[in-house]
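The values are calculated or read from the model by the stated rules, or taken from the named source; none is laboratory data. Source: prediction; values computed, not measured. With ideal geometry, Cβ positions are generated from the backbone for all residues, glycine too; neighbour counts draw on all protein chains shown.
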Amino acid sequence: MTNNSTEEMVPALTAEEQNTIRSFYSVFSNRNYDLVDSVLAKDWQDIPLAPGQADGPQGYKELVKNFSAAFPDITITIHEIFGTHERAGVRAEMSFTHSNAFMGIAPTNKHVKIALHEFHHLKDNKIVKTWHLEDWLTMLIQTGAWPVNG
C-alpha cells in the first residue's frame, strides 16, 4: 500500500521564541520590568492568576516585583524548553531563601526549591497565554509547614 499524502513537518520553536521564553523568566532575577512589555502580548493571559494578581503584563510585573522584593535571592533555572512553533512547554525550578512570610508561613530562612511546569502559546514572538503549575506542596514540606511523618 502506498501513501500518496505528503506528511507535513511541524516547525520547531524558533530561537527567537526560545529567547522570548528565557526573557520571561529572567525578569525575576534581573528585575528588568521593561522587558515584560517586549515578551508579553498586551492581552496576555495568565492561567490561573495568583491571588490578587491583575490581568495582563502589568499584573505580571507587579507579581514579579512583589515576589522578588520578598525573596531577593530568587532564581529560576530552566531545565528544558520543548515544543513546536508557537507552542512551548517549560520545565524549570524556582529557588529562594524563605526569608519573609509567605502563604501564611513565617520566615524559616530555609532554602526552598520549587518545580515549575508551564505551557506557553506564542504569536509574533510574544507570549499570548500561559498555563502554569508550581509545586507549592514542596515548599510547605521544605519549610516544615506541612508535617511529614517518616
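Okay, residues lined up against (1) assigned to a helix (DSSP H, G or I); (2) small (Gly, Ala, Ser); (3) in contact with a Phe, Trp or Tyr (Cβ under 9 Å, 6 or more places away or on another chain); (4) modelled with pLDDT under 95:
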residue	(1), (2), (3), (4)
Glu8	no, no, no, yes
Phe24	yes, no, yes, no
Trp44	no, no, yes, no
Leu49	no, no, no, no
Ser68	yes, yes, yes, yes
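Can you tell me which residue in the range 95-105 is farthest from Ile47 (Cα to Cα), limited to those that are in a strand (DSSP E or B) and either modelled with pLDDT of 95 or more or of a type outside the set (A, V, I, L, M) (or both)? First the steps, then the outcome.
Kept after step one, since they are in a strand (DSSP E or B), are these residues of the range 95-105: 95-97, 102, 105.
Within this subset, residues satisfying the condition of being either modelled with pLDDT of 95 or more or of a type outside the set (A, V, I, L, M) (or both) are 95-97, 102.
Numbers: Ser95: 21, Phe96: 23, Thr97: 26, Phe102: 21 Å.
Only one residue tops the list, namely Thr97.
Looking across the range 78-123, the residues that are out of contact with any strand residue (DSSP E or B) (no Cβ under 8 Å at 6 or more places or on another chain) and either within 18 Å of Asn66 (Cβ to Cβ) or surrounded by fewer than 14 Cβ atoms within 10 Å (Cβ to Cβ) (or both) come down to Ser99, Asn100, Ala101, Phe102, Met103, Gly104, Ile105, Ala106, Pro107. For beta carbons closer than 8 Å, sequence separation of 6+ or different chains, a first residue in the range 82-94 that is outside any strand (DSSP E or B) and a second that is aliphatic (A, V, I, L, M), the qualifying pairs are His85/Val10; His85/Ala12; His85/Leu13; Glu86/Leu122.
Take the range 106-150 and flag every residue that is of a type in the set (D, E, K, R) and assigned to a strand (DSSP E or B). So that I can check it myself, show each step before the final result.
Filtering the range 106-150 for residues of a type in the set (D, E, K, R) gives 110, 113, 118, 123-124, 126, 129, 134-135.
Scanning the range 106-150 gives Lys113, Glu118, Lys123, Lys126, Lys129, Glu134.
To keep it simple, each residue is scored yes or no on (1) charged (D, E, K, R); (2) touching a residue at least 24 places away in the same chain (Cβ under 8 Å).
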residue: Leu116; (1), (2): no, yes
residue: Phe119; (1), (2): no, yes
residue: Lys123; (1), (2): yes, yes
residue: Leu133; (1), (2): no, no
residue: Thr138; (1), (2): no, yes
residue: Ile141; (1), (2): no, no
residue: Gly144; (1), (2): no, yes
residue: Val148; (1), (2): no, no
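For Val64, indicate whether it is of a type in the set (A, V, I, L, M), touching a strand residue (DSSP E or B) at 6+ places or on another chain (Cβ under 9 Å) and surrounded by 15 or more Cβ atoms within 10 Å (Cβ to Cβ). For Val64, the condition - of a type in the set (A, V, I, L, M), touching a strand residue (DSSP E or B) at 6+ places or on another chain (Cβ under 9 Å) and surrounded by 15 or more Cβ atoms within 10 Å (Cβ to Cβ) - is not met.
Kindly evaluate Ile78 against the criterion of being in contact with an Asp or Glu (Cβ under 9 Å, 6 or more places away or on another chain) and either among the polar types (S, T, N, Q) or in contact (Cβ under 8 Å) with a residue 40 or more places away in the chain (or both). Step through it out loud before you land on a result.
Working: in contact with an Asp or Glu (Cβ under 9 Å, 6 or more places away or on another chain): yes; either among the polar types (S, T, N, Q) or in contact (Cβ under 8 Å) with a residue 40 or more places away in the chain (or both): yes.
Taking the combined requirement at face value, the residue satisfies it.
Just one of the listed residues (Thr130, Thr108) is of a type outside the set (A, V, I, L, M, F, W, C) and more than 22 Å from the chain's Cα centre (by Cα), and it is Thr108.
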